[in-house]
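All remarks here apply to the structure that follows.
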């Protein structure tokens, strides 16, 4: 049985401001401190930001490698790639890290 990320709650020092940043950069619909996109909900709640400790991050899977390259260009980030995998990692203003990746034989294949 496959598990898919459908929602995420992240603590933020300024939930509505961080939601606005994600809405601007990812194109999600924003409702206060909530972001909505098909199959995805991100809720920002008041608290101490998690930041990017070690390898802590969440990921958005995309359908093809070209999409990873477009997002990397959009954010000005580097690409990590090998046969059958490509990703770019982005840090938000509160230090959280997310990955935009393509893996055709990955968990949602």
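Residue-wise test of (1) loosely packed, with under 13 Cβ neighbours inside 10 Å; (2) at pLDDT below 90; (3) touching a helix residue (DSSP H, G or I) at 6+ places or on another chain (Cβ under 6 Å).
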{"residue": "12", "(1), (2), (3)": "no, no, yes"}
{"residue": "18", "(1), (2), (3)": "no, no, no"}
{"residue": "25", "(1), (2), (3)": "no, no, no"}
{"residue": "29", "(1), (2), (3)": "yes, no, no"}
{"residue": "38", "(1), (2), (3)": "yes, yes, no"}
{"residue": "56", "(1), (2), (3)": "yes, yes, no"}
{"residue": "59", "(1), (2), (3)": "no, yes, no"}
{"residue": "66", "(1), (2), (3)": "yes, no, no"}
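Taking residue 93 as the residue in question, decide whether it is outside any strand (DSSP E or B), within 14 Å of the chain's Cα centre (by Cα) and under 19 Å from residue 26 (Cβ atoms). Walk me through how you get there before you give the answer.
Details: outside any strand (DSSP E or B): yes; within 14 Å of the chain's Cα centre (by Cα): yes; under 19 Å from residue 26 (Cβ atoms): yes.
The answer is yes for residue 93.
For the stretch 38-72, which positions are without any contact (Cβ under 8 Å) to a residue 24 or more places away in the chain and more than 25 Å from residue 105 (Cβ to Cβ)? 53, 54 - these are the residues of the stretch 38-72 that are without any contact (Cβ under 8 Å) to a residue 24 or more places away in the chain and more than 25 Å from residue 105 (Cβ to Cβ).
If I filter the stretch 47-54 for residues that are part of a strand (DSSP E or B) and under 22 Å from residue 15 (Cβ atoms), do I get at least one hit? Taking every residue of the stretch 47-54 in turn, none turns out to be part of a strand (DSSP E or B) and under 22 Å from residue 15 (Cβ atoms). Residues in the stretch 78-92 that are surrounded by 13 or more Cβ atoms within 10 Å (Cβ to Cβ), in contact with a helix residue (DSSP H, G or I) (Cβ under 8 Å, 6 or more places away or on another chain) and over 23 Å from residue 13 (Cβ atoms): 79, 81, 86, 87, 88.
The values are calculated or read from the model by the stated rules, or taken from the named source; none is laboratory data. Here the structure is a predicted model, which means the values were calculated and not measured. Reconstructed Cβ throughout: ideal geometry from the backbone, glycine too, with neighbour counts over all protein chains shown.
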